[in-house]
Amino acid sequence: MSLSTETYDVIVIGGGVAGLSTAMQLALRGAKVVVLERERIGNGSTGRAAGLLGQLRGNSEHTRMLMDGVEIVKELEEKADVEIFVQTGSMRIAETDARAEEIASLVRMGKSIGFAIDHLPADEVKKLLPYMRTDDLIDACYCATDGHLQPAELVSAYVKVGKDHGVTYKSNSPVTEMLMAGGTAYGVKTQDAEYHAAVVVNAGGPWSYLNAEMSETTLPTAAIGHYYLTTRPDSQQPIDRLSPAIRNRELRIYSRPESGGLIVGMYAAEPEIYDMKRLPVDFDMSAMKASQASIDVALLLDAAQRRFPWITPQTPMNITTGIMTFTPDGRPFCGKMPNIEGVYHCAGFSGHGIVQSPAIGVIMSELILDGNSSYDLTSISADRYFDVPELKARQDIDTKCCEMAGNYYGKVERPSAPAVS
Amino acid sequence: MKILVPAKRVPDTDQKIEVCEDHSGIETGHLPFVVNPFDAIALEEAIRIREDRVDAEIVAVSVGDLEYEEQLRTALAMGADRAIRVDCIESLDPWNTACVLKALVEQESPDLVLMGKQAVDGDCNQTGQFLAAMLDWPQATFASRIKCLEDKLLVDRETDAGIETVELPFPAVITVDLRLNEPRYASLPGIMKAKKKEIAEISMGDLGVQNAEKMHTVSVRSAKTARKRVMVSSSCELAEKLRESLKST
Ligand SMILES: Cc1cc2nc3c(=O)[nH]c(=O)nc-3n(C[C@H](O)[C@H](O)[C@H](O)COP(=O)(O)OP(=O)(O)OC[C@H]3O[C@@H](n4cnc5c(N)ncnc54)[C@H](O)[C@@H]3O)c2cc1C
């Protein structure tokens, strides 16, 4: 039986925020694009995310991407008529000298690039966050222009604008094979069709390393478990929907308001690694559940209770668990690999894929259509580990990425002053 | 006061369930197993009763093979004081499960058996009723609220006609419904304590019971889903279609 064949300019594997943003930006520039999604659009990591947006990163180029991303989102909100960005402001808090130093250097760096950030006196912290324990804090800083993106709204905006510009979306269409000839990809295969295109984008999220294997490429990403809790609204403990997001790196937790309740999530020291090969083909990430005796949940509850003493195991709450995609250095992989033409990778967004996605779409479309980008991509190029023999075997990759994930909040950061811009 | 809480190991039914090719059961290879959600609610209620009155002891019990220890460990982590596993490699039907529980009740003499109204694998909804009848104890099924007083229990039952409140003396059997409470996640100290606890093992022989099958599985098949989809263009049309389909059923 011969399969039906459809031809496009670009095939995007994966209907998460990375693939959807890329597809939309390509279509805005006139490309004919199809998005192939194995399950449902936006139901991978994207469907689990809390959407926290902290724009100030240790690297000024990443900060620029996130700040530009906010502008893209504001345009999207108009085009799609939805609220995506909720500007709550964000706060970092420090209860140790090392963390206070971390905050001090972050404030210095932020100010040097004109980003709205400053130290916040303890009484102000208390006023902004009456539901948080503050008596042990040494310092805090506040970024008024931060907040969060609502993942579901962002997905629907990408799809709406994409559709308006001719993007085709196919759910329940797992890509099972990469079509290649002479070191160049020319399309992909699903169970019931062939798709031909000169460019294939691997935006497979946690599955991205398996997709890379289809093009005989090792992509050092790993699938790592993550948990957060959402308390139910409680009249005894009102939480304003515009309360600032909180990052408490010492306790490894972050927090933001959600529908009258509070989200508290944790970057665990020893997170769980998933073997994506062993999950069922039709694996539905939204059906993932934490066990009643999960050690990860217990650790999360413990840390949450230290910062928000009113949260106890008896507090009515939902636990959300999902899979993130980590890389050995915590930065994504965007672009081509030297061994094969026509395949662009776009994966490994750790805990920041939602908020990185607006700029990532622009970057990917520039790379694909122009061959270069208006951003400096050195730190996110796909081939930066291509020749590293220690990052070839699955187990080594998992170990390295897991270490990175464990250090994510754990390690004290020393942001370097940005290069003169 | 002693509360016995049976806890069954069941596959997580929120996952995609597939029937084995030979129709002998469901494919369990890839499925996570959990404490039967209704049993977790029963356990949570027992813990809340203990939080109210300090003298309560909670004993979690399971009838099954070594793998059931995982669920008993969960029960201990959530807050059960002790755990007993009645070793049994077969999967028992409700009647035989009740026989085992009865023997265990005679050994442990609890004041209250607090259990799920049903297990989500078989959905039988019989074990609690069988057990109460075998013991000749009062029972309240489908509990959505339990008030544990000094000398009696007040239970709200969910019935098709509405909420019925019943009063029971001790000892009694109560089976719990979904709306009774929300089971907690285990705390860190809870998990640590549970790790050190021993799970007592008893054989069916020790209890003097034998599995005498009353229910036999002939074949397992998945229900046909004959879902018809129609696209409608307005909410009025949707309302009309719903009205029609309600009339025709
Ligand atoms: C619990 C949790 C909390 C998070 N919180 C935040 C947060 O606060 N802020 C933030 O910015 N980020 C957060 N993230 C991270 C964020 O969700 C991810 O970085 C982001 O969604 C990644 O998007 P993606 O498109 O790369 O991956 P995904 O959303 O996983 O999309 C990849 C898609 O590709 C599909 N796919 C894979 N292989 C194939 C194939 N062969 N054929 C067809 N389809 C395929 C998958 O089904 C999937 O839908 C969180 C993640 C989790 C799990």
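Per the Cauchy relation, a quarter of the hull surface: what is the mean projected area of the convex hull of the alpha carbons in the stretch B:16-134, in nm²? Spell out each step's value before the answer.
Details: hull surface 32.1 nm².
It is 8.0 nm².
Just want the answer: with Cβ charges of +1 for Lys and Arg and -1 for Asp and Glu, which residue in A:LEU36, A:LEU53, A:LEU129 is farthest toward the dipole's positive end in the stretch A:13-151?
Positive-end residue among those listed: A:LEU36.
Given only helices, namely DSSP H runs of n ≥ 4 each adding -39500 (n - 2.57), what is the per-residue ellipticity at 222 nm of chain A, to the nearest 500 deg cm²/dmol?
Result for chain A: -9500 deg cm²/dmol, rounded to the nearest 500.
Any number yet on Rg/Rh for the stretch B:2-248, C-alpha, Kirkwood?
With Rg and the Kirkwood Rh in hand, the quotient comes to 1.03.
I want to verify the translational diffusion coefficient of the stretch A:199-299 in µm²/s; compute it with Stokes-Einstein, Rh as the Kirkwood radius over Cα pairs, at 10 °C and 1.306 mPa s. Before the final figure, lay out the partial values.
Details: Rh = 16.4 Å.
The Stokes-Einstein estimate is 97 µm²/s.
Treat the count of other C-beta atoms within 10 Å as a stand-in for reagent exposure and order B:ASP14, A:ASP146 from fewest to most. It would help to have the intermediate numbers written out before the result.
Numbers: B:ASP14 15, A:ASP146 26.
Neighbour counts put them in this order, fewest first: B:ASP14, A:ASP146.
Dividing the Cα radius of gyration by the Kirkwood radius, what Rg/Rh value follows for the stretch A:12-142?
1.07
Have a look at chain A and give its Rg and Dmax from the Cα atoms, expressed in angstrom.
Values for chain A (Cα only, Rg and Dmax): 21.1, 72 Å.
Given +1 on the Cβ of Lys and Arg, -1 on the Cβ of Asp and Glu, and no further charges, what dipole in debye does chain A carry about its Cα centre, rounded to the nearest 20?
On the way: 39 positive and 53 negative charges, 78 e Å.
It works out to roughly 380 debye.
With a 10 Å Cβ neighbour count serving as the proxy for reagent exposure, in which order, fewest first, do A:PHE349, B:PHE142, B:PHE170, B:PHE38 appear?
Details: A:PHE349 32, B:PHE142 22, B:PHE170 16, B:PHE38 25.
Arranged by neighbour count, lowest to highest, A:PHE349, B:PHE142, B:PHE170, B:PHE38 become B:PHE170, B:PHE142, B:PHE38, A:PHE349.
As a quick test, which of the pairs A:LYS277/B:LYS16; A:LYS79/B:LYS241; B:LYS16/B:LYS195; B:LYS117/B:LYS147 have an alpha carbon distance above 29 angstrom in this structure?
A:LYS79/B:LYS241; B:LYS16/B:LYS195
Using helices alone, I'd like the mean residue ellipticity at 222 nm for chain B: each DSSP H run of four-plus residues gives -39500 (n - 2.57), total over residue count, nearest 500.
-9500 deg cm²/dmol
Can you tell me the equivalent ellipsoid semi-axes for the stretch A:1-69? Use √(5λ) from the Cα gyration tensor, largest first, whole Å. Display every interim value, and only then the final one.
Numbers: eigenvalues 180, 56, 13 Å².
Equivalent ellipsoid of the stretch A:1-69: 30, 17, 8 Å, largest first.
If you wrap a convex hull around the Cα atoms of the stretch B:93-214, how much volume per residue is inside, in Å³?
Working: hull volume 17.9 nm³, N = 122.
Value for the stretch B:93-214: 147 Å³ per residue.
In percent, what relative contact order does chain B have, based on Cα pairs under 8 Å that are 6 or more apart in sequence? Spell out each step's value before the answer.
Numbers: 465 pairs, mean separation 59.7, N = 249.
Once divided by the residue count of chain B, the mean separation gives 24 percent.
Arrange A:HIS62, A:HIS196 by Cβ neighbour counts within 10 Å, fewest through most, would you?
Listed from fewest to most nearby Cβ atoms, that is A:HIS196, A:HIS62.
Each value in this text was obtained by applying a stated rule to the coordinates, not by laboratory testing. Since the model is a prediction, treat every value here as computed from it, not as a measurement. As a convention, Cβ positions derive from the backbone with ideal geometry for all residues, glycine included, and neighbour counts pool all protein chains shown.
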